[in-house]
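These notes concern the structure reproduced below.
The values are calculated or read from the model by the stated rules, or taken from the named source; none is laboratory data. These figures come from a predicted structure and were not determined experimentally. Positions of Cβ are generated from backbone atoms using ideal geometry, with glycine treated the same way; all protein chains shown enter the neighbour counts.
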Amino acid sequence: MATPSGIVRFPGAGCVVEFMQGNRPQIAWVMEEQGGRLRLFLPNRRETKLAAARLLPWAGPRYDGERSRDDMVALLEEHRQRRDTREADIQPLELWEMVQGEVEQASVEWFAELLGETPGVDEVAAMGRALLGCKTHFKFHPPDFEVYDAAKVEARMVEMEAARVREALVEAGQAFIKVLWDVHCRRRTMPLPSSSEMPPAEVAERLATLLRTRMADPDDHDSDSVWKQVTKGLPDDAHMPLHLAAAWGIVPVHHNFWMDRAGYAPGDEWAIDHVDEIDALMKRVEALREPLVDGTFISIDSSTTRDIDDAFDISPSPEGGWILRLVLASPVTGWDFDGPLDRAVLRRATSIYLPERSHHMMPETLGTDAYSLLAGQDRPALLVTFDIAPDGSLRSTTPATGWVRLAANLTYTECEACLTGEGDAGRAAPHADRLALADALARVRQQLRVAAGAVIIERDDPKVTLEGEGCAVKVHVAPPDETPRAQLLVSEMMILANAAIASWGAERGITLLHRTQDVGIPREYAGVWNQPHDIARVVKALAPAHLEPVAKPHAGIAVPAYSPVTSPLRRYPDLVNEAQVIHYLTHGTPRWSREEVEAMLPLLGARLDAAGQVQRFRPRYWKLFYIRQQGDKAWHEAVVTEENDAFVTISLPEVQIFVRGRRSTFGDKVYPGQHFNVRLGKVHPLNNEIQIVDAMEG
């Protein structure tokens with residue numbers, strides 16, 4: 001038998017070579033070479049063709065003479081075993097420790113020579129295999145190997161671990177995801193925790209995280225590849241993560257995924273991380289206590305309100321008109337702006353009120369207790385005194401700080417009964433004179449605003465309540481309490497205060513956050529609108545209001561500037577504005593410059609928009625669920641708000657939502673304001689889908 005050669009630079013017939021196949025070197029025998037193309041014989045006795053450029057740079061040895069297939073198989077197996085044995089003895093990490101920092105790149109022969117012997121072709125091949133297998137420390141750049149530095153090695157190890165985790169997640173998670181889908185589709189029941197169908201604990205944890213990530217952000221780039229792999233073969237459903245998570249039980253039925261997408265922590269559990277800061281804050285507030293301001297202050301809210309942030313006292317003005325003293329809760333007192341708690345509250349941006357529960361901007365310890373204007377409790381406050389002329393115009397605005405104790409927390413229902421003389425006035429009765437003065441002021445103020453072009457929409461949402469939980473939940477919809485005068489009383493005071501503070505701040509060069517709507521509105525749209533078709537018509541003329549640090553008109557409210565300050569427990573812009581006012585009162589300068597206020601807007605605006613999505617879509621979900629519970633045989637009152645040649649839009653006064661249907665369903669003569677009774681079907685609350693299946697004129 002002829003003696004084999006060593007490493008061969010230009011392999012031809014009879015040469016042992018290796019090439020990459022399936023991420024591992026594959027040994028082969030060259031049977032023929034022609035024009036850079038090789039015909040190879042493999043250990044499994046099959047043949048393949050390969051470009052010479054794909055060979056690994058340790059070809060050899062080469063055997064002369066003809067060889068039988070059995071001989072070739074035996075020789076290939078001999079070299080394979082020898083290379084496997086040599087490779088097992090090589091410690092690539094020790095080798096990396098030896099060479100890193102000395103060279104950036106070297107040939108495989110150079111590495112093999114480091115072992116202290118004259119390497120043969122099998123030793124060189126073994127070294128090449130070992131370096132190829134250590135992807136965290138070496139990178140193959142044919143024909144050499146790059147030596148990673150320590151920083152690159154650390155990064156590569158993180159990448160490799162992430163890849164390992166992804167592979168394990170896909171391998172074990174794909175089958176389980178299909179199980180969950182079948183559970184959701186009610187084709188089977190959930191397997192027991194001990195079942196072999198359940199994924200390993202590590203995989204289960206990562207799958208749960210993946211589902212939560214996709215619920216919160218369906219377009220999440222980092223998880224997109226894994227998600228597509230684990231859900232391969234399943235239908236394209238926009239709410240797939242929610243369905244799977246609910247089937248698994250990691251979120252409840254009717255889970256509020258809008259909160260996930262908004263990044264808004266539900267309830268009050270988030271405040272646990274700030275317990276120490278809250279305790280320190282409450283001690284600071286107590287240390288700032290002052291003598292109480294004289295006055296009989298009362299608040300008016302719904303019966304369920306716990307975060308009470310405004311109250312008032314009112315008396316006749318000696319010059320004619322009214323002296324209104326408005327009290328605003330002062331969470332600014334003792335507040336550490338830019339502290340961890342403040343940053344958490346900023347991310348919440350606003351309170352969210354839903355049929356299932358309320359989610360407060362402030363920790364409940366503060367927002368519904370320590371800072372809330374609870375009757376009989378001493379509280380820090382921003383007090384604003386308004387001197388108002390008989391025609392409703394403002395003569396002066398005087399803000400101050402102080403501590404107050406409210407005489408009563410009244411409800412809209414009690415105050416309405418007191419104002420109309422119908423029903424039980426209850427706790428409002430002793431304050432009848434104040435309520436009468438405030439009622440008169442509210443009527444004059446509204447008339448003044450309408451004369452200035454205000455567009456006032458009166459559209460009260462129904463009371464939506466839930467009974468039961470999970471699959472057994474039942475939605476109830478009831479008309480709102482009829483309290484128009486009491487609500488007008490409060491709303492006009494709040495508009496007066498926000499507009500007056502805006503003007504007061506502008507006169508002193510204080511940068512405040514303003515709600516602006518600087519557009520022209522047709523004069524004929526001024527007035528009070530309460531019919532669905534009228535509301536739909538005038539709303540089209542009202543551009544969305546914007547939050548900005550410049551005093552501009554708010555056309556819909558008909559005021560030259562509007563700075564929200566009356567709800568500092570519920571809205572972060574109000575908290576900012578209150579802080580600016582109080583800092584000016586106590587230090588002579590605002591807390592923040594215009595540039596600093598402007599810098600708040602990108603994050604604050606984004607957070608308000610996110611929370612607004614929750615407040616808009618979640619109640620609609622329950623209203624649609626209510627309609628579905630009624631069934632498609634139930635008839636619902638409807639009012640046409642818009643029509644064209646193809647479609648008709650109706651308002652459903654019972655639930656205060658709009659639905660569009662084909663004009664052919666309504667007949668030939670359709671006009672805004674027309675009353676119909678409609679049947680509704682194909683209601684899918686999660687997808688925000690509803691169809692009008694029948695209509696007859698009411």
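A few points about this structure:
So that you can scan it fast, the table gives a plain yes or no per residue for (1) among the hydroxyl-bearing types (Ser, Thr, Tyr); (2) surrounded by 21 or more Cβ atoms within 10 Å (Cβ to Cβ); (3) out of contact with any strand residue (DSSP E or B) (no Cβ under 8 Å at 6 or more places or on another chain):
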| position | (1), (2), (3) |
| --- | --- |
| 382 | no, yes, no |
| 391 | no, no, yes |
| 400 | no, no, no |
| 404 | no, yes, no |
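- Cβ pairs under 8 Å, 6+ apart, first in the stretch 501-523 and within 15 Å of residue 557 (Cβ to Cβ), second of a type in the set (Lys, Arg): 514/552; 516/552; 518/552
- Residue, surrounded by the fewest Cβ atoms within 10 Å (Cβ to Cβ), within the stretch 337-355, restricted to residues that are within 19 Å of the chain's Cα centre (by Cα) and within 25 Å of residue 655 (Cα to Cα): 353
- Evaluation of residue 170 against (1) free of Cβ contacts under 8 Å to residues at least 24 places away in the same chain; (2) of a type in the set (Val, Ile, Thr); (3) within 22 Å of residue 211 (Cα to Cα) (one fails), failing number: (1)
- Annotation note: of 334, 263, the sole residue that is exposed (fewer than 15 other Cβ atoms within 10 Å of the Cβ), at positive phi and at pLDDT 95 or above is 263.
- Selected residue [closer than 15 Å to residue 490 by Cα, touching a helix residue (DSSP H, G or I) at 6+ places or on another chain (Cβ under 7 Å), in the same structural domain as residue 293 (by TED's automatic domain parsing) and in contact (Cβ under 8 Å) with a residue 24 or more places away in the chain] from 442, 400: 442
- Under the condition of being surrounded by 15 or more Cβ atoms within 10 Å (Cβ to Cβ), over 16 Å from residue 456 (Cβ atoms) and of a type in the set (A, V, I, L, M, F, W, C), the residues counted in the stretch 512-532 number 2.
- The residues of the stretch 560-595 that are over 24 Å from residue 358 (Cβ atoms), touching a residue at least 60 places away in the same chain (Cβ under 8 Å), out of contact with any Pro (no Cβ under 7 Å at 6 or more places or on another chain) and of a type outside the set (Gly, Ala, Ser), listed by number, are 562, 582, 586, 590, 591, 592.
- Set 638, 634: member being surrounded by fewer than 19 Cβ atoms within 10 Å (Cβ to Cβ), touching a residue at least 12 places away in the same chain (Cβ under 8 Å) and under 25 Å from residue 618 (Cα atoms): 634
- Check on residue 623, of a type outside the set (Phe, Trp, Tyr) and either outside any loop (DSSP other than H, G, I, E, B) or assigned by TED's automatic domain parsing to the domain that holds residue 349 (or both): yes
- Meets criteria (assigned to a loop (DSSP other than H, G, I, E, B) and polar (S, T, N, Q)) for residue 136: yes
- Meets criteria (assigned by TED's automatic domain parsing to the domain that holds residue 636, crowded, with 17+ Cβ neighbours inside 10 Å and among the basic types (Lys, Arg)) for residue 663: no
- Test: residue in the stretch 198-206 that is assigned to a loop (DSSP other than H, G, I, E, B), in contact (Cβ under 8 Å) with a residue 40 or more places away in the chain and buried (at least 16 other Cβ atoms within 10 Å of the Cβ): no
- When every residue of the stretch 26-46 is checked against the conditions, at least one turns out to be modelled with pLDDT of 95 or more, under 19 Å from residue 140 (Cα atoms) and of a type outside the set (Val, Ile, Thr).
- Residue 620 among the basic types (Lys, Arg), under 21 Å from the mean Cα position of the chain (by Cα) and more than 24 Å from residue 306 (Cβ to Cβ): yes
- Condition check for residue 222: in a loop (DSSP other than H, G, I, E, B), surrounded by fewer than 12 Cβ atoms within 10 Å (Cβ to Cβ) and either within 24 Å of the chain's Cα centre (by Cα) or basic (Lys, Arg) (or both): no
- Complete set of residues in the stretch 69-110 that are under 20 Å from residue 58 (Cβ atoms), in contact (Cβ under 8 Å) with a residue 40 or more places away in the chain and not in a helix (DSSP H, G or I): 90, 103, 105, 106, 107
- Pairs where the first residue, in the stretch 462-479, is under 14 Å from residue 630 (Cβ atoms) and the second is hydroxyl-bearing (Ser, Thr, Tyr) and surrounded by 10 or more Cβ atoms within 10 Å (Cβ to Cβ), C-beta under 6 Å, 6+ apart: 475/626; 476/465; 477/626
- Test result for residue 603, of a type outside the set (Gly, Ala, Ser) and touching an Asp or Glu at 6+ places or on another chain (Cβ under 7 Å): no
- Any hit, the stretch 149-165, residues being in a loop (DSSP other than H, G, I, E, B), more than 30 Å from residue 231 (Cα to Cα) and over 40 Å from the mean Cα position of the chain (by Cα): no
- Pair list, Cβ under 6 Å, 6 or more apart: the stretch 368-394 residue outside the structural domain of residue 559 (by TED's automatic domain parsing), other residue in a helix (DSSP H, G or I) and modelled with pLDDT of 95 or more: none
- Among (1) in contact (Cβ under 8 Å) with a residue 12 or more places away in the chain; (2) exposed (fewer than 14 other Cβ atoms within 10 Å of the Cβ) - the single one residue 676 does not satisfy: (2)
- Taking the criterion of being under 24 Å from residue 384 (Cβ atoms) and within 23 Å of the chain's Cα centre (by Cα), the residues of the stretch 568-607 that qualify are 568, 569, 570, 571, 572, 573, 574, 575, 576, 600, 604.
- Positions within the stretch 47-59 being surrounded by fewer than 18 Cβ atoms within 10 Å (Cβ to Cβ) and under 21 Å from residue 139 (Cβ atoms), in sequence order: 53, 54
Condition check ((1) over 37 Å from the mean Cα position of the chain (by Cα); (2) under 30 Å from residue 262 (Cβ atoms); (3) in a strand (DSSP E or B); (4) polar (S, T, N, Q)) across all residues:
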site	(1), (2), (3), (4)
368	no, yes, no, yes
376	yes, no, no, no
380	no, no, yes, no
395	yes, no, yes, no
400	yes, no, yes, no
416	yes, no, no, no
